[in-house]
There are 4 protein chains.
Amino acid sequence: MNETMVCAVGNVATNLTYRELASGPSVRFRLAVTSRYWDREKSAWTDGHTNFFTVWANRQLAVNAAASLNLGDPVVVQGRLKVREEARDGGQKWASADLDAVAIGHDMARGTSAFLRTPKPEAVQRRPEPAWETPSVNADGDAPVQQQAQTVAVT
Amino acid sequence: MNETMVCAVGNVATNLTYRELASGPSVRFRLAVTSRYWDREKSAWTDGHTNFFTVWANRQLAVNAAASLNLGDPVVVQGRLKVREEARDGGQKWASADLDAVAIGHDMARGTSAFLRTPKPEAVQRRPEPAWETPSVNADGDAPVQQQAQTVAVT
Amino acid sequence: MNETMVCAVGNVATNLTYRELASGPSVRFRLAVTSRYWDREKSAWTDGHTNFFTVWANRQLAVNAAASLNLGDPVVVQGRLKVREEARDGGQKWASADLDAVAIGHDMARGTSAFLRTPKPEAVQRRPEPAWETPSVNADGDAPVQQQAQTVAVT
Amino acid sequence: MNETMVCAVGNVATNLTYRELASGPSVRFRLAVTSRYWDREKSAWTDGHTNFFTVWANRQLAVNAAASLNLGDPVVVQGRLKVREEARDGGQKWASADLDAVAIGHDMARGTSAFLRTPKPEAVQRRPEPAWETPSVNADGDAPVQQQAQTVAVT
């Protein structure tokens, strides 16, 4: 309740940092969001201010984002905004704008997206012989055929 | 100004209807957005009300959405909300909730996405010998290698 | 979770309907939200489409809205969007766009607002002699003492 | 286009700073937005993280906000989010989260609001004998008259 939700359309501005925490997989990256405005004098759309967010994703969203996102990709991110202020060493206050992501998607205004649904946990359990442990995409050799195709497409 | 922006996370509920209009490509589909709430009595997340929107996309977003989206796909959509009221034949008023999409993406909370950036018009013009007419993804044989990989991944 | 939140800036388009339900006070009114866009040809801001919402408020928000809002007032409303579809008598489907309001405020871009905080329930209980039953403002001549104080606060 | 709009519900956390700039009146204040979540273990709503924003308002919105807002007031603010990063003296980077306000209103979930519409500039010009110079709200004694004028203007 009273959470400040943000829907940001921008570009992945750093490589992703992936970590396995006690609470599960976690990923973070910087997102650059440049506003555009109609410049009446130039009669043209012009770049305005660029906001930078640190996007955080957890669990399945972290795993899938790590398998899908590359530096520069155009994305739409919905998340809870967290403005964090900390006093650093010298006592200087410092703030950052974090987005605790709920949903992340490649922006189809800029390209096409081939989607591969993550099997639900139950579905996995029901499978007689699961060929992989987590629906990982970082897998090396034994990734299912579809994932290989996808990896190719990503490059 | 004063536009009502909506960021909706849901599922594609119909096949896409694609049309070439005088103003360019246009696509529409129904989007189902089911809220989830914490049921204190059951101590479990429970489905709430489902909103249905008619999502409209134009130009490049229409072309790419048509090439990327399938019935049932989980998506995040940012768009301008338009509540339309019309008097139908009998004079009965009727309303629908439309989203004029700005960005559409496959929701990585539910799966992985392999992205293929649409070449910018200038880039296309600079190419010595464009192998396709529109930056189409529905191309058949002469699509670049990446698109073939992607097509495979889609299936 | 997955609720579609909307923040709408518009005008109260009907009188308020106030009801005491078993679940507590409830109020509803129609909200008109007209988008504005920059018309490049006319070089002027121009009215675009108008969205109509039915805004619902409950409990204390209902009581205070009923005491504060008048037809035509400019407001900002944050709420959960509910698109409702019903089959009416003849079987014809009908939809409406409801906002289940979380917060409602008079828009200070259009005027000034004199605020009178509702005492918290505990505070009320501590009061020796409450001079009114509901913090009503629909009263005619005999407005409670607090409202006079509020009018003063406007200056 | 691509602006990151935020709708924040919180409390005025500082006194307002009002300035007359070459571009017109400007006001700023700090806004505290505390999220609330349902703590399953305690079975109670609990305070979460608090976001602090610097809210900026201009022109008429600045004038009216300065006349209406007090420290501690509960408000709903819609605005464009600007995350600003600057290198301070020592070269240390520093960020702040600004909201360039489009609409500000007292939150009726917490109290009642008596609204006084600002006369439109044209309306003022048309009046034979304007009783005030700016659509001021800081006026002292003759306030009731203004309200009558407003009622006229509204109709």
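The values are calculated or read from the model by the stated rules, or taken from the named source; none is laboratory data. Treat the numbers as computed from the prediction; the structure is a model and nothing was measured. Here the Cβ is made from the backbone with ideal geometry for all residues, glycine too, and neighbour counts use every protein chain on show. Protein only, heavy atoms only, side chains kept; ligands, DNA and RNA dropped before computing areas. Shrake-Rupley method; radii C 1.70, N 1.55, O 1.52, S 1.80 Å.
Of all residues in segment A:103-142, those being open to solvent by 40 Å² or more (accessible area, probe 1.4 Å), modelled with pLDDT of 50 or more and within 14 Å of residue A:65 (Cα to Cα) number 1.
Is at least one residue of segment B:73-80 touching a residue at least 60 places away in the same chain (Cβ under 8 Å), within 27 Å of residue C:100 (Cα to Cα) and among the charged types (D, E, K, R)? Within segment B:73-80, one or more residues are touching a residue at least 60 places away in the same chain (Cβ under 8 Å), within 27 Å of residue C:100 (Cα to Cα) and among the charged types (D, E, K, R). Total residues in segment D:25-50 satisfying the condition of being farther than 16 Å from residue D:72 by Cβ and modelled with pLDDT of 95 or more: the figure is 4. Only one of the numbered conditions (1) in contact (Cβ under 8 Å) with a residue 60 or more places away in the chain; (2) at the interface with another protein chain (Cβ under 7 Å from one of its Cβ atoms) is violated by residue B:112, and that is (1). Within segment D:16-24, is even one residue within 18 Å of residue C:9 (Cβ to Cβ) and more than 9 Å from every other protein chain (Cβ to nearest Cβ)? No, because not a single residue in segment D:16-24 is within 18 Å of residue C:9 (Cβ to Cβ) and more than 9 Å from every other protein chain (Cβ to nearest Cβ). Scanning segment C:41-77 for residues that are within 14 Å of chain D (Cβ to nearest Cβ) and basic (Lys, Arg) yields a single hit, C:59. Going by the structure shown, is residue B:4 among the hydroxyl-bearing types (Ser, Thr, Tyr) and surrounded by 14 or more Cβ atoms within 10 Å (Cβ to Cβ)? It is true that residue B:4 is among the hydroxyl-bearing types (Ser, Thr, Tyr) and surrounded by 14 or more Cβ atoms within 10 Å (Cβ to Cβ).
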